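Below is one structure, written out as structure tokens; comments come after it.
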Amino acid sequence: MWRATLKGILAGKVRLALTALAIVLGVSFVAGTYVLGDTLNKTFDNLFASAFEGTDVVVQGAADISDTNRPPVPEELLGRVRAVDGVAAAEGEVFGTAQLIDPGGRAVSTAGAPTLGFSWTEDADLNPFGVLEGRAPAAAGEIAIDRDTADEGGFALGQRVRVILPEGVRTFTLVGVVGFAGESGLAGATSTLFTLPEAQRAFNLEGLLGAINVRGEEGVSPGELASRIQALLPAGIVAETAQDVQQQQADQIKDQLRIITISLLV
């Protein structure tokens, strides 16, 4: 029987080799997919933790039923939040989509990652971005971009850079290169930074803020500070601890990554 089995195997050497190769490749792809998913989840957990490190409370529009779309809040709320007892600093921010065009005239490719635009936050403790080269945008017509995008796209300080925005294509002067939460980029996404008024115009949010980030005074817990701020907010706007917001955003990213993992497994 052993001789017959061995002869059968030797008679189909190519088939045996291809079957073995298929098994090895299949197991390798499955293992690699799970490792990739876990690595991405860990990466975003660390990024969000670093991004909210100096923030205690986030004021933003209440989530809709999908828990992803939050309406902007009136800019006039910023002064009221700053006046709350226990608030050390509060800064408003807006964000949207900003597609960079490289010096060769091509839209910067991100392999599916988002092309993001943010307003620059003046308070360093509330700002997850830090200047690595040049300076922060300080006037209309100025932008900063993340280090990874600058290197991969061939951008240099002082260049005139075209950006595709909801209002159309505009040209800005590149004045700074930044990092995000201690990293050179935002996990493959492009990041373009504007002054707050410029970002509000670019994203059609004049008079509005996407969120208000708050840093509390020493000795005031984030939960207590959130309760004090919530007491003065109108309906439809919520004050949540930064830890809760961090977890919500991380969970949303993980849900999207889970779809990618399933697709790769299939």
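Quick notes on this one:
- Residues that are of a type in the set (Asp, Glu) and in contact with a helix residue (DSSP H, G or I) (Cβ under 8 Å, 6 or more places away or on another chain) are absent from the range 147-162.
A quick yes/no check of all residues on (1) in a helix (DSSP H, G or I); (2) at pLDDT 90 or above; (3) touching a Lys or Arg at 6+ places or on another chain (Cβ under 8 Å):
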residue	(1), (2), (3)
Asn41	yes, no, yes
Asn46	yes, no, no
Ser50	yes, no, no
Gln60	no, yes, yes
Thr68	no, no, no
Leu78	yes, yes, no
Val81	yes, yes, no
Ala90	no, yes, yes
Gly96	no, yes, no
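- Leading residue by the ranking (modelled with the lowest pLDDT) among those in the range 212-254 that are open to solvent by less than 80 Å² (accessible area, probe 1.4 Å) and closer than 30 Å to Gly32 by Cβ: Lys254
- Comparison of Gly158, Gly141 shows that the only residue that is under 16 Å from Arg201 (Cβ atoms) and small (Gly, Ala, Ser) is Gly141.
- Taking each residue of the range 77-103 that is within 14 Å of Ala231 (Cα to Cα) and open to solvent by 20 Å² or more (accessible area, probe 1.4 Å) and looking for partners that are of a type in the set (D, E, K, R) and not in a strand (DSSP E or B) with beta-carbon atoms closer than 7 Å, six or more apart or interchain, yields Asp85/Arg228.
- If you filter the range 116-175 down to residues that are polar (S, T, N, Q) and part of a strand (DSSP E or B), you find that the one that is surrounded by the most Cβ atoms within 10 Å (Cβ to Cβ) is Ser119.
The values are calculated or read from the model by the stated rules, or taken from the named source; none is laboratory data. This structure is a prediction, so every number in the text was calculated from the model and none was measured. Neighbour counts run over all protein chains shown; Cβ positions are idealised from the backbone, glycine included. Each accessible area value is taken on the protein alone, full model and side chains, heavy atoms only, with ligands, DNA and RNA left out. Shrake-Rupley method; radii C 1.70, N 1.55, O 1.52, S 1.80 Å.
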